[in-house]
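Novice: Pasting in a structure now, in structure tokens, and then I'll have a few things to ask.
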Amino acid sequence: MESLVRYRGREVNTDEVAFIRKLIADEPGASRRALSQKICEAWGWVQANGAARDAVCRGLMLELHRAGHITLPPARWVQKGPPDRRSPPAQVDVPATPMAVPLSELGPVEIRQVRRTPDEAVVKCLVAQHHYLGYVHPVGEHLKYLVTARGQPIACFCWSSAPRHLGPRDRYIGWSPSARKAHIRFVAYQSRFLILPWVQVPHLASHLLGSMLRRLSADWEGVYAHPIYFAETFVDPSRYRGTCYRAANWTYLGMTTGRGKDDLTKRPNRSLKQVFGYALRKDFRRRLGAGVDA
């Protein structure tokens, strides 16, 4: 059967497009969101935790619409501005008490997963204000963490779904394209790691990285119903040397190409980044399908 479009790893054939056309005709008053939910239900298109992939489905419908294969109803809400920066995080009052002590004197440190809790706003605000890249709303699966000590925030972590194509990582794991497609959900990308600027505690960064990785997979499985076997992140060598990652036993995997995920020119359009990875299981390659044409 003829495939009309490939979107986020899914091939959509002529029969499926005909199904969408009929659904639109049968539900003339339905919103795009309602249509996507019905498609997900009909196709069994769900995440590992059972939630419908309706946001991805709406992206697929939009691509089919733009290609002339279907005609969508008018959008009921039009986004203003870039999708990842359209709503700046709300301001949150956070103590900025200077903290300059040896790690041994810092006292108990708590790392809390705060997505879908009131403290998620604290992480968004702190990252927006104090991380050099600012805050970008993640797409796909993601978790956020707030780190506290002595009754106040000291650090934040943001994790999200891993990029689908990343040469240094893919070569290190030993993936075939089909195995990567089947197992990419088991890789998490650390998009932000922030130690607040008024916190000056030697070796704190590598200490937090170690503590973070010991709980990441269980937390991910609790929210998304599947574990994580490999973690990765980028480091901008013009700003940092990746010292804390090396101290926490992360592995340097290589450099990005500087082209980004949507590149069409095959030429660098952004700064090159170092790629670091960390295996959460000794048999991570087997669990990720390395060497298997899955």
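The values are calculated or read from the model by the stated rules, or taken from the named source; none is laboratory data. Worth saying up front: this structure is predicted, and the values here are computed from it rather than measured. Here the Cβ positions follow ideal geometry from the backbone for every residue, glycine too, while neighbour counts run over all protein chains shown.
Novice: Does PRO73 fit the bill of being more than 21 Å from the chain's Cα centre (by Cα) and at pLDDT 85 or above?
Specialist: Yes: the conditions hold for PRO73.
Novice: Could you tell me whether any residue of the range 135-147 is in contact with a helix residue (DSSP H, G or I) (Cβ under 6 Å, 6 or more places away or on another chain), hydroxyl-bearing (Ser, Thr, Tyr) and either crowded, with 17+ Cβ neighbours inside 10 Å or not assigned by TED's automatic domain parsing to the domain that holds ARG281 (or both)?
Specialist: yes
Novice: Scanning for something out of contact with any Lys or Arg (no Cβ under 9 Å at 6 or more places or on another chain) and either part of a loop (DSSP other than H, G, I, E, B) or loosely packed, with under 12 Cβ neighbours inside 10 Å (or both), does the range 31-42 turn up at least one residue?
Specialist: No, the range 31-42 contains no residue that is out of contact with any Lys or Arg (no Cβ under 9 Å at 6 or more places or on another chain) and either part of a loop (DSSP other than H, G, I, E, B) or loosely packed, with under 12 Cβ neighbours inside 10 Å (or both).
Novice: Of the residues ALA155, ALA162, which single one is more than 29 Å from ALA51 (Cα to Cα), in contact with a helix residue (DSSP H, G or I) (Cβ under 9 Å, 6 or more places away or on another chain) and of a type in the set (Gly, Ala, Ser)?
Specialist: Just one listed residue meets the conditions, ALA155.
Novice: Does VAL201 qualify as being crowded, with 21+ Cβ neighbours inside 10 Å, β-branched (Val, Ile, Thr) and assigned by TED's automatic domain parsing to the domain that holds HIS130?
Specialist: Yes: the conditions hold for VAL201.
Novice: Restricting attention to the range 178-229, which residues are of a type in the set (Ser, Thr, Tyr), over 18 Å from TYR240 (Cβ atoms) and part of a helix (DSSP H, G or I)? Can you show your working first?
Specialist: First, the residues of the range 178-229 that are of a type in the set (Ser, Thr, Tyr): 178, 189, 191, 206, 211, 217, 224, 229.
With over 18 Å from TYR240 (Cβ atoms) added as a condition, the list becomes 178, 211, 217, 224, 229.
Of everything in the range 178-229, those that are of a type in the set (Ser, Thr, Tyr), over 18 Å from TYR240 (Cβ atoms) and part of a helix (DSSP H, G or I) turn out to be SER178, SER211, SER217, TYR224.
Novice: Of everything in the range 103-134, what is exposed (fewer than 11 other Cβ atoms within 10 Å of the Cβ), in contact (Cβ under 8 Å) with a residue 12 or more places away in the chain and more than 14 Å from ILE154 (Cα to Cα)? Give them in sequence order.
Specialist: TYR132
Novice: Taking the options GLY167, GLY174, GLY222, name whichever one is touching a Ser or Thr at 6+ places or on another chain (Cβ under 8 Å), closer than 25 Å to GLY289 by Cβ and either free of Cβ contacts under 8 Å to residues at least 24 places away in the same chain or not assigned by TED's automatic domain parsing to the domain that holds VAL46 (or both).
Specialist: GLY167
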